[in-house]
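These notes concern the structure reproduced below.
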Amino acid sequence: MYGRKAPGFSSEGGFGDALIQHLFDSILSRTRQVLSEEAGITVRDGTVASRAADIRRPHAVTVLATLGAPVSALVAFSFEEPLLESLVEGMTGPLIMDGDDVGPYREDCAAEAVNMALGLGTADLPSGGMAISLSPPVVLDNTQWAHRNRDAFIATMRVITDKGVLDVSVADARDPLDAPINSKV
Amino acid sequence: MSALRVLVVDDSLITVTKITTILTDLGHAVVGTAGTGEGAVESYRHLTPDLVTMDITMPDMDGVEATRMIINEFPDATIIMVTSHGQERLLFNSLEAGAKGYLLKPIKRDKLARIIEKARTRLG
């Protein structure tokens, strides 16, 4: 399903390659569905990178959510500004009059798109008969960074769309992240 | 056909706006909104609406638990889950809690209209 998969992509402990690959397959597929149906945005490619030093958060808005057991993954979606603008335009277009301020909807549209992509994706993931919980999405502000703890594993995927880039980072939710992320989320 | 009085429960502003717009366009009246499970239970007590659209993932109490509490207090309540959760286990839990049906996001006008009509038929 991916355009490329970087060599050396591996993990330690229970948060293994198979689960990460499954998770990224689901996220890519459901993100494609949500962006298309909500805003007419086309996903062109999804490229998995190797482990990262920190959760990628280089873009305009970053949304964090957690999938519960047995997946137990912390997932961050970081939206590039042009992609975010297209998403907001697509989601609010039929609902808001021309000239109205879409500002209050910017972060909410990103959060709801993440909620939909991960929520729909719970049907794709191994559950062992359990109901996989999903935390309400949290939008990170510019002062928050999710630095990798010494033993934590973070995998990343870059999703290329016709409107801009979306970076998705996945970490084992059982590997705690250091401050300030835990102090504010 | 009479308009239904609807309580919309979702913690997403854009989703509340979207559901409200569609329901109003269909001739129904959104009499209240809530963004948390606790808020949903409280609003139901005050408004006793004909129908509730209920999200699942929300801060504090989730939509399944809020549904269970409303049904315990108001056994005839008509609640429809409007959620992105596609997992069968969770949808089963919702129905077990007393929800009368569910609609998967992304929300489309036709899908919402159909499930509202089913609920209306049930309400008589």
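With neighbour counts taken as other beta-carbon atoms within 10 Å, the residues B:83, B:21, B:78 rank, fewest first, as B:21, B:78, B:83.
The ranking of B:117, B:38 by Cβ neighbour count inside 10 Å, starting from the fewest, reads B:117, B:38.
Cβ crowding within 10 Å, taken as a proxy for footprinting-reagent exposure, orders A:161, B:20 from fewest neighbours to most as B:20, A:161. Extents of chain B, largest first, come to 33, 28, 25 Å (Cα atoms, principal axes, whole angstrom). For chain B, the relative contact order works out to 21 percent when only alpha carbon pairs closer than 8 Å and six or more residues apart are counted.
Taken together, the values in this text are just the output of simple stated rules run on the coordinates, not laboratory data. Computed from a predicted model, the values in this text were never measured in an experiment. Backbone-built Cβ (ideal geometry, glycine too); neighbour counts: all protein chains shown.
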